[in-house]
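Structure, as structure tokens:
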Amino acid sequence: MKKKNRKKYDAEYYQKNKDKIKESQKKYRESHKEQLKEYKKEYRMNNLDKIREAENKREQTEERKQYKKEQRKKKITCECGKVISYGSKNKHIKTKEHLEIVNKIN
Ligand SMILES: [Zn+2]
């Protein structure tokens, strides 16, 4: 079977046996509760640095996102004299209004 078909087959198989699969996963989790808990704990202990790093990264990404958002909202004065938000500059410089004024200046 080709890889693509295989994927489709898996999806179909999953759809058809969704309840059965879920049920067996649940059973597995229930019967291995303690083991899974231990495993998770151990994983955390062994990967503390990695986990922390990932958390830091996530925070940094959030901060960057926030910063970009703020930047986009920042007001700037365009060369045409209009006050626009930084985020809309790319769109604004293509407007007729802007182009006309800039053409007049130059
Ligand atoms: Zn402009």
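With the contact rule set at Cα under 8 Å and sequence spacing of 6 or more, what percent relative contact order holds for the chain? Relative contact order here is 11 percent.
With all pairs of different C-alpha atoms in the average, the Kirkwood value for the hydrodynamic radius of segment 1-46 is 12.8 Å.
With contributions of -39500 (n - 2.57) from each DSSP H run of at least four residues, the per-residue ellipticity at 222 nm computed over the chain stands at -25000 deg cm²/dmol. Counting only lysines at least 8 places from LYS50 when in the same chain, those with an alpha carbon closer than 27 Å to its own are LYS33, LYS37, LYS40, LYS41, LYS65, LYS68. Between 0 and 90 degrees, the angle of helix 18-31 with respect to the longest Cα principal axis of the chain falls at about 70 degrees.
Bridging of LYS96 to aspartates and glutamates at a Cα separation below 15 Å is possible for GLU79, once same-chain residues fewer than 8 apart are set aside. Between the C-alpha center of segment 5-57 and that of segment 63-83 there is a gap of 43 Å. With angles folded into 0 to 90 degrees, how steeply does helix 3-16 sit against the dominant principal axis of the chain? Use alpha carbons for both and round to 10. Approximately 70 degrees, to the nearest 10.
Going by alpha carbons, how many degrees (0 to 90, nearest 10) lie between the helix axis of 48-73 and the longest principal axis of the chain? That helix lies at roughly 30 degrees to the long axis. Once the gyration tensor of the Cα atoms in the chain is diagonalised, the equivalent ellipsoid follows with semi-axes of 55, 26, 11 Å, ordered largest first.
Read-outs: derived from the displayed coordinates by stated rules, not from any lab. What you see is a predicted model; the values in this text were computed from it and never measured.
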